[in-house]
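*Asks:* One structure, pasted below without further comment.
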Amino acid sequence: GDAFEYFLKAYLAKQNKDLGEYFTPRHIVKTLVKLVNPRFGETVYDPFCGTGGMLIESFRHIHNKMPINQRNLEILRKETIYGSEITKNARITKMNMILTGDGHNNIKRQDSLKNPSEKKYDLVITNMPFSLGNFEEYSSNYSLGTPNGNSLCIEHCFDAIDSKSSNPRIGIIIPEGILFDRKFTKLRDYIYHNSEVESIVSLPSGAFKPYT
């Protein structure tokens, strides 16, 4: 999987293409996965999975800590990892998952904002798409009723959490402006009243180079 991603990046660099999205630097992915600490028996969901970096690292994290037997491996491969991706990169995610050890059967190519995922998962981990515009057609699907793409992405993550989970949590990379911009006042109020914010890690300028 690492080799596949390495050569994919090198190929795209020569073609002056970026698949229309960013690769999340692997050290940031690993840090986020360690912080949210996915465990065997939990379901992990990335609604904006791109080429699958978050899901692959979550798969490895669980695999390295769980008791290894055939039944547990079947659960990990088929009932643990879930993802959605709007672009044809979903095919790359599936291939990446197969090379990693599997989990590809629960990767869907679909518009996550158009398809709210209602209370299914123990853990949501994602790098949401930044600088989205407005989506009036989707605003009625979410409680805040705002068309703002950034707000819709975060609400989607909240809606995807299973309310019956014993340890529900979200690890998400967001634009820093969401923490202070006035247009996200309602969103911050929503987050405050629907979760306990355990930590906010501010990433320095240049953390996502060479992509942004």
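The values are calculated or read from the model by the stated rules, or taken from the named source; none is laboratory data. What you see is a predicted model; the values in this text were computed from it and never measured. No Cβ is skipped: glycine too gets one built from the backbone with ideal geometry, and neighbour counts run over all protein chains shown. Each accessible area value is taken on the protein alone, full model and side chains, heavy atoms only, with ligands, DNA and RNA left out. Shrake-Rupley method; radii C 1.70, N 1.55, O 1.52, S 1.80 Å.
*Asks:* Name the one entry in Glu198, Glu155 that is part of a helix (DSSP H, G or I), at pLDDT 85 or above and among the charged types (D, E, K, R). Please lay out each step first, then the result.
*Replies:* Working: Glu198 fails: part of a helix (DSSP H, G or I).
Unique residue meeting the criteria: Glu155.
*Asks:* Among the residues of the range 66-93, which ones are within 22 Å of Thr24 (Cβ to Cβ) and part of a loop (DSSP other than H, G, I, E, B)?
*Replies:* Thr80, Ile86, Thr87, Lys88 - these are the residues of the range 66-93 that are within 22 Å of Thr24 (Cβ to Cβ) and part of a loop (DSSP other than H, G, I, E, B).
*Asks:* Consider Glu42 carefully, then state whether it is within 17 Å of Ala160 (Cα to Cα) and out of contact with any helix residue (DSSP H, G or I) (no Cβ under 7 Å at 6 or more places or on another chain). Working first, answer last.
*Replies:* Numbers: within 17 Å of Ala160 (Cα to Cα): yes; out of contact with any helix residue (DSSP H, G or I) (no Cβ under 7 Å at 6 or more places or on another chain): yes.
Judged against the criteria, Glu42 is a match.
*Asks:* Return a yes/no flag: does the range 71-82 have any residue that is within 15 Å of Asn37 (Cβ to Cβ) and either open to solvent by less than 10 Å² (accessible area, probe 1.4 Å) or not hydroxyl-bearing (Ser, Thr, Tyr) (or both). Don't jump to the end; show me each part of the working.
*Replies:* Taking the range 71-82 as the starting set, the residues that turn out to be within 15 Å of Asn37 (Cβ to Cβ) are 80.
Among the residues that remain, those that are also either open to solvent by less than 10 Å² (accessible area, probe 1.4 Å) or not hydroxyl-bearing (Ser, Thr, Tyr) (or both) are: 80.
Taking every residue of the range 71-82 in turn, at least one turns out to be within 15 Å of Asn37 (Cβ to Cβ) and either open to solvent by less than 10 Å² (accessible area, probe 1.4 Å) or not hydroxyl-bearing (Ser, Thr, Tyr) (or both).
*Asks:* Pick from Ser131, Ser165: which is on the phi > 0 side of the Ramachandran plot and touching a residue at least 24 places away in the same chain (Cβ under 8 Å)? Steps first, please.
*Replies:* Details: Ser165 fails: on the phi > 0 side of the Ramachandran plot.
When all the criteria are applied, what remains is Ser131.
*Asks:* Moving on. I need the full set of residues from the range 130-175 which are hydroxyl-bearing (Ser, Thr, Tyr) and open to solvent by less than 50 Å² (accessible area, probe 1.4 Å), in order please.
*Replies:* Start the filter on the range 130-175 by keeping residues that are hydroxyl-bearing (Ser, Thr, Tyr), which leaves 131, 138-140, 142-143, 146, 151, 163, 165-166.
Residues satisfying the conditions are Tyr138, Ser139, Tyr142, Thr146, Ser151, Ser165.
*Asks:* Determine whether Ser117 is outside any helix (DSSP H, G or I) and within 21 Å of Asn194 (Cα to Cα). So that I can check it myself, show each step before the final result.
*Replies:* Values: outside any helix (DSSP H, G or I): yes; within 21 Å of Asn194 (Cα to Cα): yes.
Against the criterion (outside any helix (DSSP H, G or I) and within 21 Å of Asn194 (Cα to Cα)), Ser117 qualifies.
*Asks:* Which members of the range 29-45 meet the condition of being of a type in the set (A, V, I, L, M, F, W, C) and within 15 Å of Ile173 (Cβ to Cβ)?
*Replies:* Just the residues of the range 29-45 that are of a type in the set (A, V, I, L, M, F, W, C), to begin with: 29, 32-33, 35-36, 40, 44.
Once the filter is applied, which keeps residues that are of a type in the set (A, V, I, L, M, F, W, C) and within 15 Å of Ile173 (Cβ to Cβ), the range 29-45 yields Val29, Leu32, Val33, Leu35, Val36.
*Asks:* Can you find, within the range 34-54, the residue that is nearest to the chain's Cα centre (by Cα) among those that are surrounded by fewer than 23 Cβ atoms within 10 Å (Cβ to Cβ) and of a type in the set (Phe, Trp, Tyr)?
*Replies:* Filtering first and then ranking leaves Phe48.
*Asks:* Regarding the range 55-65, can at least one residue be identified that is acidic (Asp, Glu), buried (at least 17 other Cβ atoms within 10 Å of the Cβ), assigned to a helix (DSSP H, G or I) and modelled with pLDDT of 90 or more?
*Replies:* Within the range 55-65, the subset acidic (Asp, Glu) is 57.
Pick out the ones that are also buried (at least 17 other Cβ atoms within 10 Å of the Cβ) and you get 57.
Those left that are additionally assigned to a helix (DSSP H, G or I): 57.
With modelled with pLDDT of 90 or more added as a condition, the list becomes 57.
Yes, that holds for at least one residue.
*Asks:* Name every residue in the range 24-39 that is in a loop (DSSP other than H, G, I, E, B), out of contact with any Gly (no Cβ under 8 Å at 6 or more places or on another chain) and farther than 20 Å from Asp162 by Cβ, in order of residue number.
*Replies:* Initially, the range 24-39 is screened for residues in a loop (DSSP other than H, G, I, E, B), giving 24-25, 37-39.
After this cut, where a residue has to be out of contact with any Gly (no Cβ under 8 Å at 6 or more places or on another chain) as well, the list is 25, 37-39.
Within the range 24-39, just Pro25 meets the criteria.
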